Amino acid sequence: MPPWAPPLPAVASLPYQCSVLLRNLAARHSPVPSSPSSFLRALRCLHARLLTAALLHNPSHPHLTLRLLHLYTLSLDLATPAILFRSDPGPIAATSLVSAYAIAGRLPDAASFFDYVPLHRRDTVLHNAMISAFARASLAAPAVSVFRSLLGSGSLRPDDYSFTALLSAVGQMHDLAASHCTQLHGAVLRLGVGAISSVSNALIALYMKCDAPEVGRDARKVLDEMPVKDELTWTTIVVGYVRKGDVHAARSAFEEVDGEFDVVWNAMISGYVQSGMCAEAFELFRKMVSKRIPPDEFTFTSILSACANAGFFLHGKSVHGQFIRLQPDFVPEAALPVNNALVTLYSKSRKISVAAKILDSMSLKDVVSWNTILSGYIESGCLDSAARVFKEMPYKSELSWMVMVSGYVHGGLSEDALKLFNQMRSEDVKPCDYTYAGAIAACGELGALKHGKQLHAHIVQCGFEASNSAGNALLTMYARCGAVKDARIVFLVMPNVDSVSWNAMISALGQHGHGREALELFDQMVARGIYPDRISFLTILTACNHAGLVDEGFQYFESMKRDFSIIPGEDHYARLIDLLGRAGRIGEARDLIKTMPFEPTPAIWEAILSGCRINGDMELGAYAADQLFEMIPQHDATYILLSNTYSAAGRWVDAARVRKLMRDRGVKKEPGCSWIEVGNKVHVFLVGDTKHPEAHEVYKFLEMVGAKMRKLGYVPDTKFVLQDMPPNQKEYVLSAHSEKLAVSFGLLKLPLGATVTVLKNLKICGDCHTAMMFMSLAVGREIVVRDVRRFHHFKDGECSCGNYW
């Protein structure tokens, strides 16, 4: 006798012995058995014993076969009970098999057992099992068909389980209409099961899943007519109203709850959080605590998420304290989501070191934990720490890779982003459309057009053409790589164009010198009913800036307040002030500052200083610089702009004084550099670069082209050398600017007739701008330069900016 069996009476019959053994084995089974193989071995031993004793399918002891079959459905062996069933296809055996095969995901087999039972032998329980199986698979039509066969049997009657399963199945229909709900409601009432709580709960859930506006009243009517309401009733009605966006109705129902059900409180708190009503969520949480209703992991997770989203750090910190007091009552699995929410809270509150300590203290971590701290480090600008965490992560999801790739891009490390993206693919991790968008954005930052085109092809192969994130990234990448025509094509073929797409295309046209087209596209966007946002107005003001469209810029600035109720921010004012300054209307820019509803920010004073450099207003420029020295003393652009303003006016002593102040304060100027993609490799050039392996050939070519340019009328403009030195040295310094070297390298290495596209990290100087126009004429090639502000397309001796930049 097996060791798990109790002693049997000495005179017990064999059928009784087998019945006891089967009963004990059933009691020994658990939903998640620790040793499924030992359970199956014991079951097969009993099967053999029944077989040898001729007790299997014995009409005198049918319960033995049915119990054996049912136990098999609880094991890993589903084939054996199917064989047993074929010998006697009764409804009880079929019910066990239908349920087991449906749970295993083998719905066609489950349906075949139902069909195998003769019509006259089917009972209500079997029909219920089949309806439940279809409901679990979200198949409403076959569930309704089985229910109709139950109704049409003549001898059978649906019970509360029938309706509960059917209502669950119908609730998953994509085209659920109010008429479906009312028809089923009528059937519930006709068959007298409306007073049963489980049926009423399912009926409320059905009404709440329907999009028709009037069904909320019907659900409320069902609620009011229920004689007994349980925890599920109130949870269903509250969650239903929240899903419909009617938080006030949800709160009204919540206030009627008779009993302190923690699940209902959680549903209401979660509803407030989902609706962005974080203050109300926190107030309800405080009320819950005051009523001594113990919060669980769902409560803490919801309220901490609310505090993180709304910036209620101190409130979140107090919730953290309450969780610490209750934490001993939480098993690690329950504490896990709460700890993840705490990591999010402290990360979003710029307390990344505290977030890291919480992560280190967690006895149980999952991929969400690691992704949360990874995102926290990236949002805090700690890319080195993020890279370390990413490397140490025991398991990485697709989201982990996407977050890290995007983090590198936003942190200015586009080369690292592409390396990580390539590593991801080499490890057979399939990128999603958002990860592709990050890699494409990196190509845009680097000007790696060929690589970007390759990724475009991959997107098509992966079927991500309809993705807005990938499409918008492609549009921006082509624009930033100088291929504005390709950007326009992407925009035109995108199946779902959103406001981000319109903004990106308007920005691309503006940056490439097509100011009027940018304005037309903006007006077209508004005409199509797409509401412009604050980014839309930033892009259109920038387009006006690049094209010198001052009056139009004023019109759009006024329109954002008057027509769209968008309050201009400091960035909008900065764009408008820069537009005025570059147009020589520095006085109007000064007057505009006086009308601002806030104190001038660094961006405002920098726009004023830039305008003063162009217009030679030394007094206002010096005042603007003083404001910037107080606000952002370590910002190199202020010193450079002021020094260049003095140098342009020939005030060399003042320029030297500013440069000395810069050195004394330890502020370092960002070195100018230019880069170009040739042969799937990015080549970088600095000012006066001699370290590039082909520097000698570049200078030799530049000298040869320079001779042609002089014959065409080019004269180096030495006023753009902002140091006091002899004229011949100034000409040499001008000739070695990084953009001239990069363009010359491109002319040497790219195929004849190909456009030369160079990217520069600073603004192109006036002499280089003039030189590029003459160079394009001398070599008969189009040259594109992207500087820190915009694109310049040089062709046949002219520039797309019209010499206004």
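Quick notes on this one:
- Whichever residue in segment 722-742 is modelled with pLDDT under 90 and assigned to a loop (DSSP other than H, G, I, E, B) and, among such residues, is surrounded by the most Cβ atoms within 10 Å (Cβ to Cβ): L722
- Selected residue (only one of S87, S96 is of a type in the set (S, T, N, Q), more than 41 Å from the chain's Cα centre (by Cα) and buried (at least 18 other Cβ atoms within 10 Å of the Cβ)): S96
- Residues of segment 91-118 that are among the aliphatic types (A, V, I, L, M) and farther than 14 Å from L78 by Cα: I92, A111, V117.
- In segment 649-685, the qualifying residues are those that are among the aliphatic types (A, V, I, L, M) and part of a loop (DSSP other than H, G, I, E, B), and the one that is most open to solvent (accessible area, probe 1.4 Å) is A649.
- Subset of segment 572-601 (residues that are among the hydrophobic types (A, V, I, L, M, F, W, C), closer than 21 Å to T645 by Cα and open to solvent by 30 Å² or more (accessible area, probe 1.4 Å)): A583
- Residue among G271, G276, G316 that alone is open to solvent by less than 40 Å² (accessible area, probe 1.4 Å) and under 23 Å from the mean Cα position of the chain (by Cα): G271
- Filtered by the rule that a residue be modelled with pLDDT under 90 and outside any helix (DSSP H, G or I), segment 211-226 gives D211, A212, P213, E214.
- Tallying residues that are β-branched (V, I, T) and either open to solvent by 10 Å² or more (accessible area, probe 1.4 Å) or over 22 Å from G569 (Cβ atoms) (or both) within segment 602-627 yields 1.
- When A439 is tested against (1) under 19 Å from the mean Cα position of the chain (by Cα); (2) surrounded by fewer than 22 Cβ atoms within 10 Å (Cβ to Cβ); (3) over 17 Å from S501 (Cα atoms), just one condition goes unmet, and that condition is (2).
- S112 being under 18 Å from L69 (Cα atoms), open to solvent by less than 60 Å² (accessible area, probe 1.4 Å), in contact (Cβ under 8 Å) with a residue 12 or more places away in the chain and more than 37 Å from the chain's Cα centre (by Cα): no
- Leading residue by the ranking (least open to solvent (accessible area, probe 1.4 Å)) among those in segment 51-72 that are in a helix (DSSP H, G or I) and polar (S, T, N, Q): T65
- Evaluation of G569 against (1) over 30 Å from S467 (Cα atoms); (2) at pLDDT 95 or above (one fails), failing number: (2)
- Only one of V319, V273 that is of a type in the set (V, I, T) and either modelled with pLDDT under 90 or under 12 Å from L345 (Cβ atoms) (or both): V319
- Among the residues of segment 388-403, the one identified as closer than 17 Å to L413 by Cβ, in contact (Cβ under 8 Å) with a residue 24 or more places away in the chain and open to solvent by 30 Å² or more (accessible area, probe 1.4 Å) is M402.
- Considered as a group, the residues in segment 686-721 that are hydroxyl-bearing (S, T, Y) and assigned to a loop (DSSP other than H, G, I, E, B) include one that is farthest from V733 (Cα to Cα), and that residue is Y714.
- Among (1) open to solvent by 40 Å² or more (accessible area, probe 1.4 Å); (2) in contact with an Asp or Glu (Cβ under 7 Å, 6 or more places away or on another chain); (3) assigned to a helix (DSSP H, G or I); (4) of a type outside the set (A, V, I, L, M, F, W, C) - the single one E630 does not satisfy: (2)
- Any hit, segment 183-199, residues being surrounded by fewer than 15 Cβ atoms within 10 Å (Cβ to Cβ), closer than 27 Å to K244 by Cβ and in contact with a Pro (Cβ under 7 Å, 6 or more places away or on another chain): yes
- Among the residues of segment 634-648, those identified as assigned to a helix (DSSP H, G or I), free of Cβ contacts under 8 Å to residues at least 40 places away in the same chain and farther than 15 Å from D664 by Cβ are A637, I640, L641, T645, Y646.
- Of the strands (runs of 3 or more DSSP E) lying entirely inside segment 743-805, the ones with 1 or more residues being within 20 Å of E697 (Cβ to Cβ) are found at 756-760, 783-786.
The values are calculated or read from the model by the stated rules, or taken from the named source; none is laboratory data. Here the structure is a predicted model, which is why all the values come from computation and not from measurement. Cβ: placed from backbone, ideal geometry, glycine included. Neighbour counts: every protein chain shown. Calculation scope for accessible area: heavy atoms of the full protein, side chains included, ligands and nucleic acids excluded. Shrake-Rupley method; radii C 1.70, N 1.55, O 1.52, S 1.80 Å.
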